[in-house]
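What follows is one structure encoded as structure tokens, with my remarks underneath.
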Amino acid sequence: MTAGENPKLLVRDPRFHALLLVLLLDLVVVGYSHGVGGTVNRGDSAKFQFLGVVGGVSHPPGNPLYLLLDVALVHVLFFVPPSLVVTGLSLVCGVAALAYLGRATTVLTGSRLAGAIGIVAVGLGPVFWTLSTEPEVYTLNALLLGALAFFAARHLVDADERSLSRALAVWMLAFGNHLTVVALAPAFLLLLALFAYVHGLARLARLLVLPAIVGAFTLALYGYVALRVHQHAPYSEFSDALDVHSFWQYLTAKKYQESFSWPSLRSLAAVRFPQAFAGLQRQWVWIVWIAVAWGMLVLARLQPRALLFFALAVAGLLFFPLTYAIGDPDGFLLPVIVLAGIPLGASVLTFERRDAPVAMSVAILLCLFPMAAGKVHDAYRTPPAERVIQLDEIDTTGWDLPDIVARISPGTRFVEPCGDYGCAQVLNYYRFGDSAGRAKGFTVVHLPGGHVGWHALWPELSTSQPGPGAICALLPSQVLRLRQGGIVLKEIPREPFTRGPVTYSRPSLFCTP
């Protein structure tokens, strides 16, 4: 395809739909193999898989748009396990984000080939692929970013006033999912300033009506968080008494602000930029990022205003991974990766000869193939039943928790076996999200002097006055402490589990008679 083609033909091109279908099937194969939790942030992924079932409240700043979608889907698709439903939400958002990315790239370059390369390159990169196959807020963020990029591209190419209004409206909606989109403010201020300069403030005011309505709607979404806190949702990470001050601190993620620090120029050059680039290379090897840089030169020739807008957007989005100390930065790098797909697609238009763009496309895909093949290999090498959950003293697996839930009696108090946030939220999934666990109505408790912090959500079990109801424990140290406190426990041996050529041992469960 060459420059000058009608980009509106893109969505009617059967090859475009075939490309998306192949990506969709690839993502389904990998994504639905993950089961409960994820690999980027196992705890948050498991948490989002059960929050919709109980209408729970997540960590600050709340993500109400994602939570409401979560609630709606798990109740409409009540016949499907919540773990699959919420994983499917990420999958659908990821594919839709790719569709918008392809359309934006085609509008800016006039080439379906450039749009297709952007889709395939972003979709097959491990960071995007992984986050699109695990329950998280990040791919909904990518979808909204892709949509506003498409509308912004149409405005920049065709001077379409309605497209700018829609881009701003999508941006306002994105604040209901992830507040890091505030980083796009410089880019949109540039577009608004240019629009006001050309058309005047009166037309600018009319243009802002739709974004203002959507912004008010987004603000109202946060009322859902306050409502569920007021109603004492079964699971809530809003730890304070609900008032205006505590709610504002929750919305501004006050508890995480200590993790932000503005580095010195020396630290930026020597530490932060190399760390961020190392994270970006988890998506593409460095030579592909050179193609991204080259594509920016192509965009500078084709659409200089668009290049300025998207460069400001990327610069703003890099603020968070450069200033926020977080152990899993991939979600903060994902918006940069999505927008980088546009110049990467444009890079194939460098050459005049007819066959040169195809040759460059093949070169880019060859760079991506080893990473994509690795993701497929990992997915098949580590199927759901073999995904290890590390407990304090023993290794067990995802298939082991359903067996434990099946063996305990209704109303059992299960002594938490986790010193790890991810493991604890996987356990919470079987308490809140799994139908068998909900039917048992079991609770989780912790022993005195045990883990602190988020474990405070679980009541403490007194060994001197244990109260009514069965008590079960899994770890040998817990069994010893309970027996020292005078609690009688009966051992429940569990037979090994065989999957293919491998046999797994199961630790005994100890419960009160």
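The values are calculated or read from the model by the stated rules, or taken from the named source; none is laboratory data. Everything quoted here is computed from the prediction, not taken from an experiment. Glycine also receives a Cβ, built like all others from the backbone with ideal geometry; neighbour counts cover every protein chain displayed.
Things worth noting here:
- Inter-residue pairs, beta-carbon under 6 Å, first outside the structural domain of residue 316 (by TED's automatic domain parsing) and at pLDDT 95 or above and in region 326-341, second part of a loop (DSSP other than H, G, I, E, B) and polar (S, T, N, Q), 6+ apart: none
- Comparison of 68, 24, 108 shows that the only residue that is under 18 Å from the mean Cα position of the chain (by Cα) and either in a loop (DSSP other than H, G, I, E, B) or modelled with pLDDT of 85 or more (or both) is 68.
- Residue in region 324-339 that is among the small types (Gly, Ala, Ser), in a helix (DSSP H, G or I) and out of contact with any Pro (no Cβ under 8 Å at 6 or more places or on another chain) present: yes
- Of everything in region 413-443 that is β-branched (Val, Ile, Thr) and buried (at least 21 other Cβ atoms within 10 Å of the Cβ), the residue that is farthest from residue 46 (Cα to Cα) is 415.
- Within region 209-260, being among the aliphatic types (A, V, I, L, M), in contact with a Gly (Cβ under 8 Å, 6 or more places away or on another chain) and not in a helix (DSSP H, G or I) holds for one residue alone: 233.
- You will find that of 184, 219, the residue that is over 30 Å from residue 431 (Cβ atoms) and in contact (Cβ under 8 Å) with a residue 60 or more places away in the chain is 184 and no other.
- Some residue of region 308-316 being crowded, with 21+ Cβ neighbours inside 10 Å and of a type in the set (Gly, Ala, Ser): yes
- Extreme residue, surrounded by the most Cβ atoms within 10 Å (Cβ to Cβ), among residues of region 139-190 that are in contact with a helix residue (DSSP H, G or I) (Cβ under 7 Å, 6 or more places away or on another chain) and assigned to a loop (DSSP other than H, G, I, E, B): 176
- Any hit, region 250-265, residues being touching a residue at least 60 places away in the same chain (Cβ under 8 Å), over 19 Å from residue 171 (Cα atoms) and in contact with an Asp or Glu (Cβ under 9 Å, 6 or more places away or on another chain): yes
- Some residue of region 217-235 being surrounded by fewer than 18 Cβ atoms within 10 Å (Cβ to Cβ) and farther than 30 Å from residue 433 by Cβ: no
- First in region 87-105 and surrounded by 24 or more Cβ atoms within 10 Å (Cβ to Cβ) and assigned to a helix (DSSP H, G or I), second anywhere and among the hydroxyl-bearing types (Ser, Thr, Tyr) and at pLDDT below 90, Cβ under 6 Å, 6 or more apart: 90/132; 94/132
- Of the helices (runs of 4 or more DSSP H) lying entirely inside region 399-513, those containing at least 1 residues that are modelled with pLDDT of 90 or more are 400-407, 435-440, 476-484.
- Single residue of region 29-48 satisfying the filter (assigned to a helix (DSSP H, G or I) and either touching a strand residue (DSSP E or B) at 6+ places or on another chain (Cβ under 6 Å) or modelled with pLDDT under 80 (or both)) that is farthest from residue 80 (Cα to Cα): 42
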